[in-house]
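Coordinate-derived values only; no laboratory data. Keep in mind the model is a prediction, meaning the values are calculated, not measured. FYI the Cβ positions are ideal-geometry reconstructions off the backbone, even for glycines, and counts take in every protein chain you see.
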């Protein structure tokens, strides 16, 4: 019995001595461990600098750093900050303890810091000796080619088959580097662009990556950069979030300069500065391409396409075909009188694909003659339907339109007649480029509004429908209400 008690006592004493010895070790070796920590941190930082220098060199060649490299660099950054803060706190607190503070407070402080320094030395040693990969020369690899996934699009763009074929043929021409699609809102530019993008899925043209970015009116360079970086697989890197616009442009340029890319930009309202974003300009040598949509022909010219593709409204037959597809044969055949009314509804869309799609889908659940008659009545007696509307804004000669503007005070008369008309023609050209006016195709001396744009203008002129039915007419040289 005595032997058992003796053995147990020896075990407890041994453990207590071991713990006490470790505490004494932390206290006695604090100064030495602090020196070792400073020295080891310099070694770790030197290794960090070597890794960064090598990885950045590889990235300049178009390679992509491994995820493990970013994890290691983040860990080094964290322990660097922790070591700096701990060294400052240790020096400040120990120097602030005077003889009056007593021996016990000094011992407790030294023990606490000694324990932290010892733990940090182990972490620094582990990071310094950690192998990022089996091969130090394999810290970056060629980026994985991005596969373009086909979206669920219609097999054919109803009414735009010929335009799609023409645009695709031009895009695949070796001489085409930049191609613009322009036209009024709702005419189907984005749908056409999306179909072109999806055509690259089955086209074995050698492209490395296809990128799609929606730009919109409020253009933000950094947002465009982030979307491109996400497609390139460099957006998730921790360092990306802390880069400036210039640094992001540099990274994007380095990643794209060795690739054959196709960049699709949807809905741009002004020139996109490719260099500022980091996108290399397409050339015959790199075989890259940029395709975009815009409402303005002028933007196409500024982007480098002097002969852009115009996306126009559909003619009557094609508009009816699209409308039939959206409504469905079952609805059109549900009553003998519906097809005739459906043609009237389609006619009210004036060949605008967006209107044909939206109204067609809305009517695809209406299977009674009463619902279709109500639709025709609603679309016919809209807020823009003034009495005498057919006399308003007909096909006008450009000179006469400018005279109306002068009469209304839109253009000042306190200049020569030549300068006045030059200003007027400049305005007309801007409206034509923005697709808000349509030009007579042969002689190009007359212009008119698209019917949908005209009805919107009349609706606005009637105070959003408040004065529906008001008489509007043209007296001598002025518009009078």
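Data for the structure
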{"read-out": "Ascending count of other beta-carbon atoms within 10 Å, so fewest first, for 352, 341", "value": "341, 352"}
{"read-out": "Relative exposure of 411, 336, judged by other C-beta atoms within 10 Å (fewest first)", "value": "336, 411"}
{"read-out": "Packing-based ranking, highest mean first, of 399-409, 355-365, 179-189 given that Cβ atoms within 10 Å are counted", "value": "179-189, 355-365, 399-409"}
